[in-house]
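Before any comments, here is the structure.
The values are calculated or read from the model by the stated rules, or taken from the named source; none is laboratory data. No experiment lies behind these values; they were computed from the predicted model shown. Every residue, glycine among them, receives a Cβ derived from its backbone with ideal geometry; neighbour counts consider all protein chains shown.
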């Protein structure tokens with residue numbers, strides 16, 4: 001092949017450059033596609049047209065697979081949004097903190113694959129019958145500084161002491177937490193717990209959880 005190019009006074013690079021500059025070349029010479037052959041992965045020689053069709057089928061298969069994944073994610077997000085919408089509407093009807101705590105627990109455990117829910121405050125000591133959890137501000141700050149200081153949502157396994165602080169002796173192995181705030185200051189947490197160590201990972205999307213925590217924060221002005 002190299003000898004032939006020398007005889008013609010051109011190089012492979014010249015041919016490549018020409019074809020790039022004339023992308024419709026094979027449309028003007030369709031019969032060439034049938035006569036040109038390249039080596040297939042199987043070892044058999046196939047025509048350039050067959051090879052091109054094979055590549056297109058592979059590309060289309062990849063596109064279809066990605067599209068299917070996008071559709072699946074979109075459907076899941078639609079489902080989450082509708083459940084979140086229903087939960088928010090129920091929260092708006094609440095008239096006490098116990099109502100909010102009860103509604104959060106029932107809604108999240110029945111609709112969002114969550115095993116336990118805890119609403120935590122650092123400024124509201126709880127008494128008998130209260131459903132929220134009071135935590136000393138310094139202790140909560142020690143275990144969840146980024147959430148309280150920067151209102152950052154977090155997911156993961158966390159340290160056993162942190163899990164025990166929020167869920168006691170419950171068999172919780174991974175958590176998702178978001179800040180409950182007042183006047184842009186973290187005053188507590190909305191904590192979701194799962195018995196599955198892999199359910200809440202550091203890469204888990206916290207968009208819906210963060211939104212729910214903001215709704216709860218807005219409702220606090222009633223009390």
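For the range 172-194, filtered to residues that are at pLDDT 95 or above and assigned to a loop (DSSP other than H, G, I, E, B), the residue that is farthest from residue 100 (Cα to Cα) is 173.
Number of residues in the range 118-147 that are farther than 23 Å from residue 96 by Cβ and in contact (Cβ under 8 Å) with a residue 40 or more places away in the chain: the value is 2. Taking each residue of the range 70-91 that is on the phi < 0 side of the Ramachandran plot and free of Cβ contacts under 8 Å to residues at least 24 places away in the same chain and looking for partners that are surrounded by 10 or more Cβ atoms within 10 Å (Cβ to Cβ) and in a helix (DSSP H, G or I) with beta-carbon atoms closer than 7 Å, six or more apart or interchain, yields 90/103; 90/107. Scan the range 93-117 for residues that are closer than 18 Å to residue 80 by Cα, in a helix (DSSP H, G or I) and either touching a residue at least 60 places away in the same chain (Cβ under 8 Å) or in contact with a strand residue (DSSP E or B) (Cβ under 7 Å, 6 or more places away or on another chain) (or both) and the total you get is 4. Checked against the criterion of being in a helix (DSSP H, G or I), within 30 Å of residue 124 (Cβ to Cβ) and modelled with pLDDT under 90, the candidates 67, 80, 89 yield just one match: 80.
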